[in-house]
Amino acid sequence: MKRTSIISIAAALLLSGISLFAQTGAPFIHDPSTIVECDGKYYTYGTGSGGLISEDGWSWHSGAVRPGGGAAPDAIKIGDRYLVIYGTTGGGMGGGHASKIMTMWNKTMDPESPDFAYSEAVMVAESLVDEDFNAIDPGVLLDPTTGRLWLTAGTYFGHIRQFELDPKTGLRVEGNVGIDVGRNMEASTMMYRDGWYYLLGTHGTCCDGVNATYNIVVGRSRNVNGPFIDNVGRSMIEGGGKSVITTEGRLVGPGHFGRYIVEEGVEILSFHWEADMDQSGRSVLGIRPLLWKNGWPEAGEAFKEGTYEIKSVRSGYALELEVEFIRAQGAMGGFNRNAANQAVVKVEQQKLEDVIDTWPQGVIGARNGYYMGRPWQRWSIIPVPEAGGYLGGPYYKIVIAGTNRALAANEKAEVDTVPEFTGAPEQLWRIDQLTDGTFRIMPKSIPGHDEPYALVSLGDCSPTLAPFDFNSDNSKWEFKNFEPVK
């Protein structure tokens, strides 16, 4: 592999219109609902009557169907049915606040299924022309501790208001009176974690393309009805909110928070970017890892290609080739009496060409060892967009920097390296940022095995493939950028 390969691949992706920081395919959507999974596919709905479908969670295309039009829907699976909820107008833009929030059910999200049929939409909340509330932008939470179903709705043109719905019917609980829980935001929703209820909303201006100032904020409460307080003690009803995600470079205006729990320790934040400047400034679906720090949610980062040390959280040892240690040039200094009078020079980094001829030509095993910044410990991680992806990212190849020697899963459910990357499934890797900020590394497939194993440290020095355990540091890795001495 030429050393310019990383740069050329990145350039090719930009020329093809594929962004490594938004989703691929045709991910164009505004005000996306929380992502739901149905029969192995993922769905999200937007303002208007349509939405997006993905078979892998990474490449999205239009095709989801939602009648009723209106604005900013949400969706949730309850039992074996799907509840879809939306506001009937765009709300407030022309000065009027009159709108209705409607709910409807479906047995499936797949418009090609014979069971695909929405129930008649039913109103669960409304706002009047001159009311201090705008009944659009609904978000729903099914409380995992009580089974109660909560709706929040509203925009800048008034308060964020909370209602209780019946999870069996999707209707408003009889006698329920809405409670004002927030202000100075829109696109609200709630979630629950570890005894806390979180109210999320979007501050800033929407619907202004590259000039939109949308950003997602959060407050929390021990009580499902609030008050929701941010990290500096300010109430959401007073306009408070701790930052979750803001504009990132050429991706402008994140809004409409959605949470998807993949499994313990692996969570996804979905939203839209008001404008992706690499895709004509259009509004696109965004997906990020969802992290939890000191009890607060925040967006993780999109994994960036580069050259890294791959470090075991368990031991601090680095993933490396199982090759002979070659001593680098440079003597130990500091003991010579005349050292203070000698010129200070930089010691040259050991180069690939200094050691590669000592490596075997065929398959080379992998191990963990003390990190020394040596060529057999430097891994280039590069997306392979044509290989598809998963919810949150593309598959990657992991190769020794400057070569095409690739990390691969083998039929023994262990890892080694092969001389050439071929694109085989066992040479493709999924990289998930976990809720604590560390990473999980998983092969797309393992020859002769169906288990979804992850890269695990078996003792200090032996990497292998085994079931992922979020509660064990054996399953967790960190990536440290390799910076060569200049």
### Query
Hey, among the residues in the range 144-177 that are of a type in the set (Asp, Glu) and surrounded by fewer than 16 Cβ atoms within 10 Å (Cβ to Cβ), which one's nearest to SER33 (Cα to Cα)?
ASP166
### Task
Could you tell me whether SER283 is hydroxyl-bearing (Ser, Thr, Tyr), in contact with a Phe, Trp or Tyr (Cβ under 8 Å, 6 or more places away or on another chain) and assigned by TED's automatic domain parsing to the domain that holds ARG161?
yes
### Task
Tell me the strands (runs of 3 or more DSSP E) entirely within the range 27-131 that contain at least 1 residues that are at negative phi and among the charged types (D, E, K, R).
36-38, 41-45, 71-78, 81-87, 99-106, 122-127
### Query
Can you find a residue in the range 307-319 that is more than 20 Å from the chain's Cα centre (by Cα), among the hydroxyl-bearing types (Ser, Thr, Tyr), assigned to a loop (DSSP other than H, G, I, E, B) and in the same structural domain as SER59 (by TED's automatic domain parsing)?
no
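Residue-wise test of (1) under 30 Å from GLY258 (Cα atoms); (2) within 26 Å of the chain's Cα centre (by Cα).
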{"site": "ILE382", "(1), (2)": "yes, yes"}
{"site": "GLY388", "(1), (2)": "yes, yes"}
{"site": "ILE398", "(1), (2)": "no, yes"}
{"site": "THR422", "(1), (2)": "no, no"}
### Task
Evaluate the following for GLU451: is it part of a strand (DSSP E or B), among the acidic types (Asp, Glu), in contact (Cβ under 8 Å) with a residue 24 or more places away in the chain and out of contact with any Pro (no Cβ under 6 Å at 6 or more places or on another chain)?
no
### Task
Being surrounded by fewer than 17 Cβ atoms within 10 Å (Cβ to Cβ) and modelled with pLDDT of 90 or more is the filter; apply it to the range 70-103 and report the residue that is nearest to the chain's Cα centre (by Cα).
LYS77
### Failed item, numbered, when GLY281 is tested on (1) in contact with a helix residue (DSSP H, G or I) (Cβ under 9 Å, 6 or more places away or on another chain); (2) surrounded by 20 or more Cβ atoms within 10 Å (Cβ to Cβ)
(2)
### Task
For the range 217-249, enumerate the residues that are among the aliphatic types (A, V, I, L, M) and either in contact (Cβ under 8 Å) with a residue 60 or more places away in the chain or surrounded by fewer than 15 Cβ atoms within 10 Å (Cβ to Cβ) (or both).
VAL218, VAL224, VAL232, MET236, ILE237
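The values are calculated or read from the model by the stated rules, or taken from the named source; none is laboratory data. Everything numeric in this text was worked out from a predicted model, so none of it was measured. Neighbour counts are summed over all protein chains in view; Cβ atoms, including those assigned to glycine, are modelled from backbone coordinates with ideal geometry.
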